[in-house]
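Trainee: Sharing a structure, written as structure tokens. Questions coming.
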Amino acid sequence: MTVISHQSIRQALLGRIQSGEWALGSRIPGETDLATEYGCARTTVNRALQALADEGLVVRKRKGGTRVCQTPVRQAKFEIPILREQVETAGSNYSHRLVCNKLKRPPPPVRSRLHIPAGGKAAHMQTIHYADSSPFAYEERWVNTQAVPEILTTPLGEISVNEWLVKMVPFSSGDVVFSAVSADEKIADALEIEVGAAIFVIDRTTWLDDAFITTMTLYYKEGYKLYSQL
């Protein structure tokens, strides 16, 4: 059986946009319909559509479907990084330590972001990522186990939750916030830096259609650089 790649689906969808079959501003068929039409997995269509969205050719909105951009624009590309790859690309040896992995009731802000009902629980993870023997980043994450029940049985001591989610769980959209703050005692201890030291913070929440997957905060020590493309 021939395996259809997301690159070939992306090219096919792009051709339909460029030919005018799907006019500017028009809504295109949903992932399930496209997967049936092309005889591939829905996740393959998801990756193809996300690639077109990253290129500024379509706009994807939760509950609003996918539409061809009225005026296609070039956008900065931000890929969800696999921290192991970041460390190894810099020439260091990667390792991680799972500090916390519990199923518990999330605080109200997290419950709201993941749309978890009152009294519901989520998986809470805290991970320190290392470059050689030095902390590279500290990650605090909540995962909606209703959306991703497999997280409860995944050996996160062997593969980080960051890498597992990026590789195994598709998403249709998300929001990202960047900030710079001073390290409190908890973060300073995890990163082995002084309390009050400057740190770079990434807050991110991702979802697949109506299913909210995860929200996390990633802390980097002073000196970290974020690269993007236009």
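Trainee: Using only Cα atoms, figure out Rg for the chain and give it as a multiple of 2.2 N^0.38 Å. Intermediate results must be reported in sequence, preceding the final value.
Mentor: Details: Rg = 19.3 Å, N = 230, 2.2 N^0.38 = 17.4 Å.
Normalised Rg, Cα atoms only: 1.11.
Trainee: Charges only on Cβ, +1 for Lys and Arg, -1 for Asp and Glu: so what's the dipole of region 83-221 about the Cα centre, in debye to the nearest 20? Before the final figure, lay out the partial values.
Mentor: On the way: 13 positive and 17 negative charges, 106 e Å.
Charge dipole, region 83-221, about its Cα centre: 500 debye, nearest 20.
Trainee: Which of the lysines could a cross-linker span from K221 if the Cα-Cα distance has to be under 19 Å and same-chain partners fewer than 8 positions apart are dropped?
Mentor: Leaving aside lysines fewer than 8 places away in the same chain, those within reach of K221 are K186.
Trainee: Obtain the radius of gyration and the Kirkwood radius of region 1-138 from its C-alpha atoms and give Rg over Rh. Before the final figure, lay out the partial values.
Mentor: Working: Rg = 20.0 Å, Rh = 18.4 Å.
Over the Cα atoms of region 1-138, Rg/Rh equals 1.08.
Trainee: Straight-line reach from K121: which lysines have Cα under 19 Å away, leaving out those fewer than 8 places along the same chain?
Mentor: Correct list for K121: K102, K104.
Trainee: Give me the lysines in straight-line cross-link reach of K225: C-alpha distance below 18 Å, same-chain residues under 8 apart excluded.
Mentor: Those lysines meeting the cut-off are K77.
Trainee: Rounded to the nearest 500, what is the chain's calculated 222 nm mean residue ellipticity when only DSSP H runs of at least 4 contribute -39500 (n - 2.57) each, over all residues? The partial results should precede the final answer.
Mentor: Working: 7 runs with 63 residues, N = 230.
Mean residue ellipticity, 222 nm, calculated: -7500 deg cm²/dmol.
Trainee: Follow-up question, since we're still on this one. Regarding region 6-68, what are the three Cα extents along the principal axes, ordered largest first, in Å?
Mentor: Principal extents (largest minus smallest coordinate, Cα): 26, 26, 19 Å.
Trainee: Please check the chain for the longest run free of GluC sites (Glu not before Pro) that are loop-located per DSSP (anything but H, G, I, E, B) and have at most 15 other Cβ atoms within 10 Å.
Mentor: Values: sites that count: E21, E79, E158, E192, E194, E222.
By the stated rule (loop sites, at most 15 other Cβ atoms within 10 Å), 80-157.
Trainee: So which trypsin sites (Lys or Arg not before Pro) in region 15-104 are both in a DSSP loop and have at most 16 other Cβ atoms within 10 Å of their Cβ? Don't skip to the answer; put the middle values down first.
Mentor: Details: sites: R16, R27, R42, R47, R60, K61, R62, K63, R67, R74, K77, R84, R97, K102, K104; in loops: R62, K63, R74.
For trypsin sites (Lys or Arg not before Pro) across region 15-104 that sit outside H, G, I, E and B with at most 16 neighbouring Cβ atoms in 10 Å, the list reads R62, K63, R74.
Trainee: What's the local net charge at R42, with K and R +1, D and E -1, over the other residues with C-beta under 12 Å away?
Mentor: With Lys, Arg at +1 and Asp, Glu at -1, the net is -3.
Trainee: Please state the charge dipole magnitude for region 6-68, taken about the Cα centre, from unit charges on C-beta atoms (+1 on K and R, -1 on D and E), reported in debye and rounded to the nearest 20.
Mentor: Values: 10 positive and 6 negative charges, 61 e Å.
It comes to approximately 300 debye.
Trainee: What do you get for trypsin sites (Lys or Arg not before Pro) in region 173-230 restricted to DSSP loop and a cutoff of at most 16 other Cβ within 10 Å of the site's Cβ?
Mentor: Numbers: sites: K186, R204, K221, K225; in loops: K225.
When the trypsin sites (Lys or Arg not before Pro) of region 173-230 are filtered for loop state and at most 16 Cβ neighbours within 10 Å, K225 remain.
Trainee: While we're on this one: Tell me, which longest segment in the chain has none of the chymotrypsin sites (Phe, Trp or Tyr not before Pro) that fall in DSSP loops with at most 16 further Cβ atoms within 10 Å?
Mentor: Values: sites that count: F78, Y224, Y227.
Longest stretch, sites excluded: 79-223.
Trainee: R0 = 30 Å: FRET efficiency of S134 with L103, Cβ-based, nearest 0.05?
Mentor: Details: r = 31 Å, r/R0 = 1.03.
Approximately 0.45, to the nearest 0.05.
Trainee: Among M216, S92, T206, which residue has its Cα furthest toward the positive end of the charge dipole of the chain, with +1 on Lys/Arg Cβ and -1 on Asp/Glu Cβ?
Mentor: T206
A short reminder: the numbers here are calculations on the coordinates, not readings from a lab. All of these numbers come straight from a predicted model, not from anything done at the bench. Glycine also receives a Cβ, built like all others from the backbone with ideal geometry; neighbour counts cover every protein chain displayed.
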